[in-house]
Number of protein chains: 2
Amino acid sequence: MDNRRGEREQATEDRRRELLEAADRVVLRDGPGASMNAIAAEAGITKPILYRHFGDKGGLYRALAVRHTDALLAALRAALDAPTGRRERVEATLDTYLSAIEARPQVYRFLMHPADGGAADVPEPPASGEATERDFEVGRHSAPLLRRLGEELAQVIADRIDFGPGGAVIARAWGHGIVGMMHAAGDWWLHERPCSRAELVQSLADLLWGRLAAAADKAGGPGL
Amino acid sequence: MDNRRGEREQATEDRRRELLEAADRVVLRDGPGASMNAIAAEAGITKPILYRHFGDKGGLYRALAVRHTDALLAALRAALDAPTGRRERVEATLDTYLSAIEARPQVYRFLMHPADGGAADVPEPPASGEATERDFEVGRHSAPLLRRLGEELAQVIADRIDFGPGGAVIARAWGHGIVGMMHAAGDWWLHERPCSRAELVQSLADLLWGRLAAAADKAGGPGL
DNA sequence: AGACTTACGTTACCGACGGTAACGATTTGC
DNA sequence: GCAAATCGTTACCGTCGGTAACGTAAGTCT
């Protein structure tokens, strides 16, 4: 029985995995606007099973997001924990993040970007009208993801940098701020590719290193 | 005739305004999940009129967003153009942004935050199921808004700071990065209110001023 | 004045979506 | 062999964004 029970649980977990992989495929193919029907079809089953496994669409998405996020978080943590100087660590972390979103832009867009129709050939539901454009409700969850990253970074900062009293709040402000900077700059960069990854890393690290304060005013500028 | 024509145009523009105000009311009341039907009802008309005026939901949203965004942009530009020192200007800009989102959090959430149900009493469509949770497709447009802010700031930076050659790209990276920082930190702050506005402004300005590079390691920390 | 255009407004509808109820199979345990 | 639980289905609901078709009042032309 325990045996049986264990086998069952194992089986359902395997099933879950399988469904998640199918969902992954569909989301990567159809973009964030993938419908539950489409996912079910890809998995070779029908909707109610999906709902039995994940409750609702948000549940499925959450499971999907956790999968992808954990890998990214692990990579970032590794970069953050490298035994090098602070500047090198910051650069490595930025580069790790940018590498990740560069390597799997569709995953990135799915996780972070509310909507964009990351599909190659079918940006919108094939025929009929033109834009049912149901999102995957990604927006509902992308913020939590960024928050998670921000809190994580805040923790690292608080652990390593000695602010005075009340430093915890500063560390959190910095954590969220830096994550937001990375996110926004990365999003822009991924979209326009105006420079190499290394150049962006340098620019952002320079910004974080106070180059804004140190930079000279423009010659012919308005004076200040 | 020209007279007539002018009157007509004026009338339709007034109508547009009126509809936008109604939409505004509904969005502020029902949160970003407001439906076209609800907006039409609030305006005392029916859907097709909305569609004739704004094309589709995105059009309505865009018109709504422009209204609110322009004011914010103007305020930010004023702060950015103040005849003070750079640090003061940065602080003033941050403070202006935070003041804006603090003063009208619902508007902010509508513009920037994909979904959250900013409503006070009716977070989700009253009866029936529980979560139809159609967003206002805000996610589709919040990115453009942030992009716009980022480009705007990039322009200011490029105008005022003298990078070497290739400086335009650096300025844009900084512009988007800083806007992202402001956005993420502001979002976190608005949500948790962990400190006063002034404190957050100081923390972020310090971050931008290179305090990360200058800060001392923690005493008992892992060494670096 | 009476026909004609033009804009405004309506009702009624479409297809797709998220989500669920109700009903078969098929395996499991006694 | 037989009940129970599990896996899967079909068929459906309500809501949504969006549109076609139709009516109506007002200004325009002859």
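The values are calculated or read from the model by the stated rules, or taken from the named source; none is laboratory data. Computed from a predicted structure; not experimentally measured. Cβ sites come from the backbone with ideal geometry, for glycine too, and all protein chains shown count toward neighbours. Side chains included, ligands, DNA and RNA excluded: accessible areas come from the protein's heavy atoms. Shrake-Rupley method; radii C 1.70, N 1.55, O 1.52, S 1.80 Å.
Here are the numbers for the structure shown:
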| item | result |
| --- | --- |
| Residue list for the range A:25-60, restricted to those being closer than 15 Å to A:Gln106 by Cβ and touching a residue at least 24 places away in the same chain (Cβ under 8 Å) | A:Val27, A:Leu28, A:Arg29, A:Asp30, A:Gly31, A:Pro32, A:Gly33, A:Ala34 |
| The one condition in (1) within 7 Å of chain A (Cβ to nearest Cβ); (2) open to solvent by 40 Å² or more (accessible area, probe 1.4 Å) that B:Arg148 fails to fulfil | (1) |
| Count of the range B:47-60 residues which are surrounded by 14 or more Cβ atoms within 10 Å (Cβ to Cβ) and within 12 Å of chain A (Cβ to nearest Cβ) | 3 |
| Matching option when the condition is within 20 Å of B:Trp209 (Cα to Cα) and either surrounded by 14 or more Cβ atoms within 10 Å (Cβ to Cβ) or under 18 Å from the mean Cα position of the chain (by Cα) (or both), among B:Thr93, B:Thr69, B:Thr84 | B:Thr93 |
| Of all residues making up the range B:47-59, the number that are part of a helix (DSSP H, G or I) and more than 6 Å from DNA strand D (Cβ to nearest atom) | 7 |
| First in the range B:61-90 and at pLDDT 90 or above, second anywhere and open to solvent by 50 Å² or more (accessible area, probe 1.4 Å) and of a type in the set (Phe, Trp, Tyr), Cβ under 9 Å, 6 or more apart | B:Arg87/B:Trp209; B:Val90/B:Trp209 |
| Scan of the range B:21-46 for residues that are surrounded by 23 or more Cβ atoms within 10 Å (Cβ to Cβ) and either under 18 Å from B:Thr69 (Cα atoms) or in contact with a His (Cβ under 7 Å, 6 or more places away or on another chain) (or both), ordered by number | B:Ala23, B:Val27, B:Gly31, B:Pro32 |
| So A:Ala22, is it away from DNA strand C (no atom under 13 Å from the Cβ), in contact with a Leu (Cβ under 6 Å, 6 or more places away or on another chain) and free of Cβ contacts under 8 Å to residues at least 60 places away in the same chain | no |
| Evaluation of B:Gln202 against (1) facing chain A (nearest Cβ under 7 Å); (2) modelled with pLDDT of 95 or more; (3) surrounded by fewer than 24 Cβ atoms within 10 Å (Cβ to Cβ) (one fails), failing number | (1) |
| Residue in the range B:25-46 that is nearest to DNA strand D (Cβ to nearest atom), counting only those that are at pLDDT below 90 and in contact with a helix residue (DSSP H, G or I) (Cβ under 7 Å, 6 or more places away or on another chain) | B:Ala34 |
| Output for the range A:184-199, where each listed residue is crowded, with 24+ Cβ neighbours inside 10 Å and either facing chain B (nearest Cβ under 7 Å) or among the hydrophobic types (A, V, I, L, M, F, W, C) (or both) | A:Ala184, A:Ala185, A:Trp188, A:Trp189 |
